[in-house]
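One structure is given below, encoded as structure tokens.
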Amino acid sequence: MSNCVQVLEKNKEIRHDWQTQEVLSLMTQPLNDLLFQAQSIHRKYFDANTVQLSTLLNIKRGGCPEDCAYCPQSARYKTVVKGEPILSLDEIRNAAENAKREGATRFCMGAAWRSPKERDFKLVLDMVKEVKAMGMETCVTMGMLNEDQTFRLKQAGLDFYNHNLDCSESFYETIISTRDYRDRLETLARVRKAGINVCSGGIIGMGEGKSDRAEMLCTLANLEKHPESVPINLLVKVKGTPLADVEDLDPFDMVRMIATARIMMPAAYVRLSAGRSGMNDEHQALCFMAGANSIFYGEELLTTDNPALEKDRLLFDRLGINALQ
Ligand code: SAM
Ligand code: DTB
Ligand code: SF4
């Protein structure tokens, strides 16, 4: 196929006019058909056997004023997580060096804030500069940002900002009451305007319907530009949170969600995010087959467990997957 035809085809595939009903049909079609479509698209945009590794560090644990029903770091719920002060620059440097040595290409720093206060924000700018200088990609997630903050983060060398939609606008009020959906979209628009790559996705398994999942993917894919990174989290049920006893998800629903995200946002890195500790190797392999090409690599997410490094290396070996260098 000529380059010109390839470009025309890709232009048709990168769409921003998705409708919930259409996406619901895509997501619920026979699994083999869905996987075939997702694999075909994945192979046009990426090497199908390469997965990107991001390591997470919780730079400010717990004590968050927000009421996100899934989150063990909310001060409103009685969980094992206690509020702690922000980590020091030395602690960040050590963790990032370790992540780099283990093979991660991106270092993601998360803080349990509604939005950063000026004093803390300055510390985060220093963290970003430090990690960037080590030759790693930088990512931060710390809640809502104003325009001044996004521009200062860009100047400090921030590559990605993670701010999830979490779920559909229709389901949102059952999950969070302390800030609204529009706030999330506004922060994403400011991140984009500042020239920082957007990392945005959501969580499934919170009791939402399939059409909520389709609606959330439509909101992401219908943004003016697709997010460069789309984390798909499977709810980690934490004792003490309102969602601790929600019903288990059909494992194939995670596979379907990833495949649908892959088809809708062909050039994005789709990350198989939280929830891997509860998945067996075969389930994860199906997620990679569906087009997931990024993971969180490290033994802890923010407050909950993630698979051991050795376990992930062994899985990659068995599947013939290479880590993105
Ligand atoms: N406080 C900031 C915020 O909420 O934007 C940044 C950190 S927050 C913990 C980042 C994301 O982690 C949330 O938006 C949510 O998607 C995900 N998350 C939190 N708790 C989770 C859980 N129990 N299971 C799956 N994902 C979770
Ligand atoms: C994202 O989408 N998932 C990560 C990261 N972005 C910050 C967080 C997952 C948190 C899982 C629950 C916990 O460990 O506290
Ligand atoms: Fe706070 Fe973020 Fe947890 Fe919500 S998800 S309670 S904002 S740390």
When all protein chains stay in place, what accessible area (Å², nearest 10, 1.4 Å probe) is found for His16?
80
Checking Thr304, Thr150, Thr174 against a Gaussian network model of the chain (alpha-carbon springs below 10 Å), the top fluctuating residue turns out to be Thr174
Compare Arg119, Arg93, Arg76 in a GNM of the chain, Cα atoms joined below 10 Å, and give the one with the largest fluctuation.
Arg119
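Could you work out [θ]222 nm for the chain from helices alone, using -39500 (n - 2.57) per DSSP H run of at least four and dividing by all its residues? Round to the nearest 500 deg cm²/dmol.
Mean residue ellipticity, 222 nm, calculated: -13000 deg cm²/dmol.
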Averaged per residue, the 1.4 Å probe accessible area of the stretch 61-102, protein heavy atoms only, in Å², is roughly 57
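Taking 0.36 nm per residue of sequence separation and subtracting the Cα-Cα distance, how much length would be gained by fully extending the chain between Asp183 and Asp305, in nm to one decimal?
Details: separation 122, 0.36 × 122 = 43.92 nm, distance 2.95 nm.
Full-extension gain reported as 41.0 nm.
Mind pulling the per residue volume of the convex hull built on the Cα atoms of the stretch 173-254? Å³ is fine.
Details: hull volume 9.3 nm³, N = 82.
That works out to 113 Å³ per residue.
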Starting from 0 in steps of 20 Å, tell me what percent of the Cα-Cα pairs of the chain lands in each bin.
33, 62, 6
So for R0 = 22 Å, FRET eff. of Gln21-Glu247 from the Cβ-Cβ r, to 0.05, ends up at 0.30
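Return the carbon/sulfur percentage of the accessible area of the chain, one whole number, probe 1.4 Å, all protein chains in place. Working shown, then result.
Numbers: 7450 of 14580 Å².
Accessible surface attributable to carbon and sulfur in the chain totals 51 percent.
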Work through the residues other than Met216 whose Cβ is under 12 Å from its Cβ and net out their charges, Lys, Arg +1 and Asp, Glu -1.
-2
So, for the stretch 200-325, what is the accessible surface per residue at a probe of 1.4 Å, expressed in square angstrom?
38
Which lysines does Lys44 reach when only Cα atoms under 23 Å apart count, and residues fewer than 8 places away in its own chain are ignored?
Lys10, Lys12, Lys225
Select from Met254, Ala268, Leu301 the residue farthest towards the positive end of the dipole of the stretch 233-313; place +1 on Cβ of Lys and Arg, -1 on Cβ of Asp and Glu, and compute about the Cα centre.
Ala268
Given 0.36 nm per residue, what is the gain on full extension from Leu319 to Met134 after removing their alpha carbon distance, in nm?
63.6 nm
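If you filter the stretch 279-325 for GluC sites (Glu not before Pro), then keep DSSP loop positions with at most 16 other Cβ within 10 Å, what is left?
Filter output for the stretch 279-325: Glu299.
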Between the DSSP loop rule and a limit of at most 16 other Cβ atoms within 10 Å, which trypsin sites (Lys or Arg not before Pro) in the stretch 197-250 are left?
Lys225, Lys239
Between beta-carbons, use under 15 Å as the cut-off and find the net charge around Gly205, counting Lys and Arg +1, Asp and Glu -1.
-3
Quick one: Cα centre-to-centre distance for the stretch 28-96 and the stretch 269-313, in angstrom?
10
For the chain, give me the percentage of DSSP beta bridges that are antiparallel, rounded to the nearest 5 percent.
5
Distribution of pairwise C-alpha distances over the stretch 34-164, 5 Å bins, in %
2, 10, 18, 19, 16, 14, 10, 7, 4, 1
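The values are calculated or read from the model by the stated rules, or taken from the named source; none is laboratory data. Note that the coordinates shown come from a computational prediction; the quantities given were computed from them, not determined experimentally. Note that each Cβ is placed from the backbone with ideal geometry, even for glycine, and that neighbours are counted across all protein chains shown. The protein model used for the area step is the full one, side chains on, heavy atoms only, and it has no ligands, DNA or RNA in it. Shrake-Rupley method; radii C 1.70, N 1.55, O 1.52, S 1.80 Å.
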